[in-house]
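Have a look at the structure below before the remarks.
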Amino acid sequence: MAVNGSPELLIVMGPAATPDQTEHVVARLQEAGAQARISHGRQATVIGAIGQLEMLVGIPLEGFPGVERVLPILKPYKLVARELAPDPTVIEVKGRRIGDSAFGLIAGPCTVETREQTLETARAVAAAGATMLRGGAFKPRTSPYTFQGLGVDALEILREAGQETGLPVVTELLDPRHVEEVVDAADVVQIGARNMQNFLLLAEVGRIDKPVLLKRSPSASVEELLMAAEYIAKEGNERIILCERGIRTFESSLRYTLDLGSVAVLKEETHLPVIVDPSHAAGRRALVLPLARAAVAVGADGIIVESHPRPDEALCDGPQQLPSSEFDEFAGEVRELVELLGKEVG
Ligand code: PEP
Ligand code: MN
């Protein structure tokens with residue numbers, strides 16, 4: 001359900017609160033012209049009260065039976081704020097999970113180039129235990145003279161690869177005019193780094209019934225990323241996976257600077273799962289495994305990695321793509337660390 005206005009107040013129900021007591025709070029909020037958003041966690045039920053803060057604070061909620069605490073949400077982001085959901089959000093797609101104890105291993109080519117190249121990669125990453133298949137159909141390229149992706153034809157190829165391997169498909173939506181085709185072929189819709197603040201596109205995916213993978217812009221702050229996610233959540237779609245993929249700094253020895261500190265901050269600030277893209281940050285394949293390991297160690301909920309059967313022939317991002325024949329070894333190294341930290345590849 002789309003939310004009109006942002007929750008200003010959180011009402012945390014005590015562990016012994018009954019459903020009737022929660023209903024009583026909600027009814028009182030509604031009577032006062034406010035809306036309520038209920039979130040049931042393992043430990044507690046939290047009610048987000050949406051309405052004028054001045055009016056809400058006039059209701060003596062602290063004294064209501066079952067109410068443990070009443071807190072204002074001071075952050076500019078509300079629906080994605082950690083406070084609003086007592087438990088971490090787990091995104092489930094076709095039986096694959098990302099979040100909490102489930103680590104997502106998303107892999108596939110940067111770009112769908114041919115049917116054979118995509119199927120070959122999909123089979124290799126599926127056999128190695130990847131949990132989702134990535135692949136670009138519509139590519140956001142810096143130069144208008146480089147390969148822009150196969151578009152709708154690539155969506156068909158991805159659909160076939162997804163069906164054959166059973167892996168959910170992640171692909172990027174660049175243009176609101178392609179929503180229908182992309183949503184139809186994709187299991188998770190990616191909003192790329194360049195579109196992180198394309199607010200109309202964000203609102204568009206806020207109205208679809210598929211999870212969204214939202215990549216951080218290389219020049220966006222953590223708060224700007226969370227506000228971008230808020231645009232999506234506000235329209236009703238709260239199935240959002242955030243992705244750190246490297247930011248622009250003075251450092252030029254890598255393609256981007258992978259901001260792992262921000263991953264730790266995001267884990268504090270939001271209940272949404274946070275994954276890392278070591279491929280685009282590294283820019284070269286030798287660095288992908290060390291950065292992937294670091295992502296696991298910092299507490300990321302997954303990684304998204306590029307792989308190609310013959311990276312030397314790739315039409316895009318060849319130097320950073322892992323040869324598909326080596327993906328199995330890579331996945332093994334990552335899995336070992338994931339399990340060491342008490343999680344499992346979902
Ligand atoms: C991608 O993942 O295909 C991509 C283009 O990455 P980014 O948007 O992070 O540059
Ligand atoms: Mn790429």
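The values are calculated or read from the model by the stated rules, or taken from the named source; none is laboratory data. In this text, all values refer to a predicted model and were calculated from it rather than measured experimentally. Quick note on the areas: whole protein, heavy atoms, side chains included, nothing else; ligands and nucleic acids left out. Shrake-Rupley method; radii C 1.70, N 1.55, O 1.52, S 1.80 Å.
Considering only DSSP beta bridges where both residues belong to the chain, give the percentage that are antiparallel (nearest 5).
45
Filter the cross-link list LYS75/LYS139; LYS78/LYS210; LYS234/LYS343; LYS78/LYS139 down to pairs whose alpha-carbon distance in this structure exceeds 27 Å.
Flagged as over cut-off: LYS75/LYS139; LYS234/LYS343; LYS78/LYS139.
Return a whole-number percent for the relative contact order of segment 251-346, with Cα pairs under 8 Å and 6 or more residues apart as the contact set.
24
On full extension of the chain, what length is gained from THR146 through GLU224, given 0.36 nm per residue of separation minus the C-alpha to C-alpha distance?
25.1 nm
Can you work out the accessible area per residue across segment 163-314, with the rest of the protein chains kept in place, probe 1.4 Å, in square angstrom?
37
Given a 1.4 Å probe and every protein chain left where it sits, what share in percent of the accessible area of segment 76-233 is carbon and sulfur?
That fraction is 49 percent.
Please state the shape class of segment 17-127: rounded when a/c is under 1.5, otherwise prolate if a/b exceeds b/c and oblate if not, all from the C-alpha gyration tensor.
Judged from the Cα gyration tensor, segment 17-127 comes out prolate (a/c at least 1.5, a/b above b/c).
Work out Dmax and Rg for the chain from the C-alpha atoms and quote the Rg first, both in angstrom.
Every Cα atom of the chain included, Rg and Dmax give 21.1, 68 Å.
Expressed as a rounded percentage, what relative contact order does segment 76-204 have, with Cα pairs under 8 Å and six or more residues apart?
Averaging sequence separation for qualifying contacts and normalising by length gives 19 percent for segment 76-204.
On C-alpha positions alone, give me the angle between the axis of helix 222-234 and the longest principal axis of the chain, in degrees, nearest 10.
Helix 222-234 and the main axis of the chain meet at about 70 degrees.
Between the alpha-carbon centers of segment 250-271 and segment 224-239, tell me the distance in whole angstrom.
First find each Cα centre; the distance between them is then 20 Å.
Using 0.36 nm per residue of separation minus the Cα-Cα distance, give me the extension gain between ALA127 and GLU333 in nm, one decimal.
Difference between extended and current length: 72.7 nm.
So what's the angle, to the nearest 10 degrees on a 0 to 90 scale, between helix 19-31 and the longest Cα principal axis of the chain?
Helix 19-31 and the main axis of the chain meet at about 80 degrees.
May I ask you to derive the relative contact order of the chain, considering only C-alpha pairs under 8 Å and at least 6 residues apart, and to give it as an integer percent?
Dividing the mean separation by the residue count of the chain yields 17 percent.
Quick check: Cα centre of segment 302-346 to Cα centre of segment 101-155, how many Å?
Segment 302-346 and segment 101-155 have Cα centres spaced 13 Å from each other.
How would segment 255-346 be classified by its alpha-carbon gyration tensor: rounded, prolate or oblate, with rounded meaning a/c under 1.5 and the a/b versus b/c comparison settling the rest?
Oblate is the answer for segment 255-346, as a/c is 1.5 or above yet b/c matches or exceeds a/b.
Please give the contour-minus-distance gain from GLU180 to GLU164: 0.36 nm per residue of separation, less the Cα-Cα distance, rounded to one decimal in nm.
Taking GLU180 through GLU164 to full extension adds about 3.5 nm, to one decimal.
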